[in-house]
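As C-alpha cells, the structure follows; a few thoughts come after it.
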Amino acid sequence: MQVVILNDSDAVAEYGAQLFIKQLSKKPKAVLGLATGSTPIALYQKLIEANKSGDVSFKECSSFNLDEYLGLSGDHPQSYRYFMQQQLFNHIDINPLQTFVPAGDTDNPIDACHHYEDMIREKGGIDLQLLGIGSNGHIGFNEPSSGLMSRTRIKTLAPATIRDNARFFSSDEEQPHLSITMGIGTILDSHQSILLATGAAKAGAIAATVEGPLTAACPASALQMHPNAVVVIDEDAASQLQNTEFYKHVERENLRLKARLGL
Ligand code: F6R
C-alpha cells in the first residue's frame, strides 16, 4: 500500500485528478470506478476543468459507481445517481449510456446486484477505483463486519453512517437505511485503487486502514491485500499514523526513482 501525505485537501484532489488523467491518456477506454460523498467533489471539479481545457477526454471510457441508496430513484436529489450527474457527468464529454450506478429503485435488487457484477466483468474489470472512507472505516457502503471477499449486494447502513450522512437530508425527508454497494471483493479486483481522505475526522479510520490489523471491523483495511492501492491523505487525516516520516521518505524515493526511469 502506497501512502501519500500531502499538505492540504486541494493537493489531495489534484493528486487524484492527475491519476485519472494519466489513466485515461494511457487507456481512453478505461473502466473507472467512482465514489460519491464530500471528499471526491474537488477531484471532480479538477476533472471537469481538465476536460473543458482539452487535457482529458471521457468519450470512450465507462464508469461504475460504488453504491446507491436502496429505495431512491436516480432523479431523487439525494440519490447517488443524481449526485454524479450534478457533480461530474453533466459537465464532461462522457457517454451517458456508459455511466453505471446501482439501481436504487429496482423491483428486484438481488438480481440487480448480480447484473452489476456481470456488467463490470463484461467490461474487463475496473481499471482505477476511487474510494472515500467513512469515519467507521467503511468503503462504499461496506460497513464494519462486511465480508472481506464480498461482492455487490444489499447492505444495511451502520448507525454511524446514517448519522454522518444525515446532513444531506432535510428533516422531513426519510433517510434510507439500506443500500446496494459493490463488495470488498469487487473493490479488491480493481487493477488500481485510490482512497482519498482529508480532515481530522478521518484520522482514526486512516490509522486503522494503514497500520491496523486486516479486519472486517475496519473494511478499508482490506486494501492491505490490494495489489496496487494508494492512500492519499492530508496532514490532518494522517495525524494518527505512527510511521508518517517513513511514508514521506518512501514517497520521496518513489519520485526520485520515477524521475530516473523517466516515468
Ligand atoms: C460513497 C462512498 C462512501 C464515502 C464515505 C465518505 O459513494 O463510497 O464510502 O466515500 O462515506 O464520505 P465523505 O467523503 O462524505 O466523508
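The values are calculated or read from the model by the stated rules, or taken from the named source; none is laboratory data. Nothing here was measured: the structure is a model prediction, and the numbers come from that model. A quick note on method: Cβ atoms are made from the backbone with ideal geometry, for glycine too, and the neighbour counts reach across all protein chains shown. The protein model used for the area step is the full one, side chains on, heavy atoms only, and it has no ligands, DNA or RNA in it. Shrake-Rupley method; radii C 1.70, N 1.55, O 1.52, S 1.80 Å.
Some points to look at:
- The number of residues in segment 135-145 being surrounded by 24 or more Cβ atoms within 10 Å (Cβ to Cβ) and of a type in the set (G, A, S) comes to 2.
- One residue from N142, N165 being in contact (Cβ under 8 Å) with a residue 60 or more places away in the chain and within 17 Å of the chain's Cα centre (by Cα): N142
- Matching residues in segment 182-241 - criterion: being within 20 Å of G37 (Cα to Cα), among the aliphatic types (A, V, I, L, M) and in a loop (DSSP other than H, G, I, E, B): M182, A237, A238
- Residue identified as buried (at least 19 other Cβ atoms within 10 Å of the Cβ), free of Cβ contacts under 8 Å to residues at least 40 places away in the same chain and away from the ligand (no atom under 16 Å from the Cβ) among V56, V101: V56
- The residues of segment 86-98 that are in a loop (DSSP other than H, G, I, E, B) and either modelled with pLDDT under 95 or open to solvent by less than 40 Å² (accessible area, probe 1.4 Å) (or both), listed by number, are L88, I92, I94.
- Any pair with Cβ under 6 angstrom, 6 or more apart, that starts in segment 120-133 at a residue that is open to solvent by 10 Å² or more (accessible area, probe 1.4 Å) and ends at one that is within 9 Å of the ligand (Cβ to nearest atom) and part of a loop (DSSP other than H, G, I, E, B): G132/A35; G132/G37; G132/T39
- Hey, F58 within 15 Å of the chain's Cα centre (by Cα) and either within 27 Å of M225 (Cα to Cα) or of a type in the set (A, V, I, L, M, F, W, C) (or both) or not: no
- A single entry from A158, A207, A203 fulfils the requirement of being within 25 Å of V230 (Cβ to Cβ), among the aliphatic types (A, V, I, L, M) and open to solvent by 10 Å² or more (accessible area, probe 1.4 Å): A207.
- Residue in segment 244-251 that is under 18 Å from S38 (Cα atoms) and part of a helix (DSSP H, G or I) present: no
- Figure legend. Inter-residue proximity from segment 27-42: first residues at negative phi and part of a helix (DSSP H, G or I), second residues away from the ligand (no atom under 16 Å from the Cβ) and modelled with pLDDT of 95 or more, beta-carbon distance below 9 Å, spacing 6+ or different chains. Indicated pairs: A42/E14.
- Entry remark, segment 227-248: residues being touching a Ser or Thr at 6+ places or on another chain (Cβ under 7 Å) and without any contact (Cβ under 8 Å) to a residue 24 or more places away in the chain number 0 in total.
- Residue satisfying condition, being at pLDDT below 95, within 12 Å of the ligand (Cβ to nearest atom) and closer than 26 Å to E14 by Cβ, within set R163, R167: R167
- Restricting segment 104-148 to residues that are within 12 Å of the ligand (Cβ to nearest atom) and aliphatic (A, V, I, L, M), the residue that is nearest to M182 (Cα to Cα): I139
- Apart from one condition, S221 fits all of (1) within 30 Å of E60 (Cα to Cα); (2) more than 11 Å from the ligand (Cβ to nearest atom); (3) open to solvent by less than 40 Å² (accessible area, probe 1.4 Å); the exception is (1).
Table: residues versus (1) open to solvent by 10 Å² or more (accessible area, probe 1.4 Å); (2) more than 10 Å from the ligand (Cβ to nearest atom); (3) among the acidic types (D, E); (4) modelled with pLDDT of 95 or more.
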{"site": "V31", "(1), (2), (3), (4)": "no, yes, no, yes"}
{"site": "T36", "(1), (2), (3), (4)": "yes, no, no, yes"}
{"site": "T39", "(1), (2), (3), (4)": "yes, no, no, yes"}
{"site": "Q45", "(1), (2), (3), (4)": "yes, yes, no, yes"}
{"site": "E49", "(1), (2), (3), (4)": "yes, yes, yes, yes"}
{"site": "E60", "(1), (2), (3), (4)": "yes, yes, yes, yes"}
{"site": "N65", "(1), (2), (3), (4)": "no, no, no, yes"}
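- The set of residues from segment 1-26 being under 25 Å from D67 (Cα atoms), touching a residue at least 40 places away in the same chain (Cβ under 8 Å) and part of a helix (DSSP H, G or I) comprises S9, V12, A13, Y15, G16, L19, F20, Q23.
- Scanning segment 252-263 for residues that are open to solvent by 80 Å² or more (accessible area, probe 1.4 Å) and not in a helix (DSSP H, G or I) yields one hit, L263.
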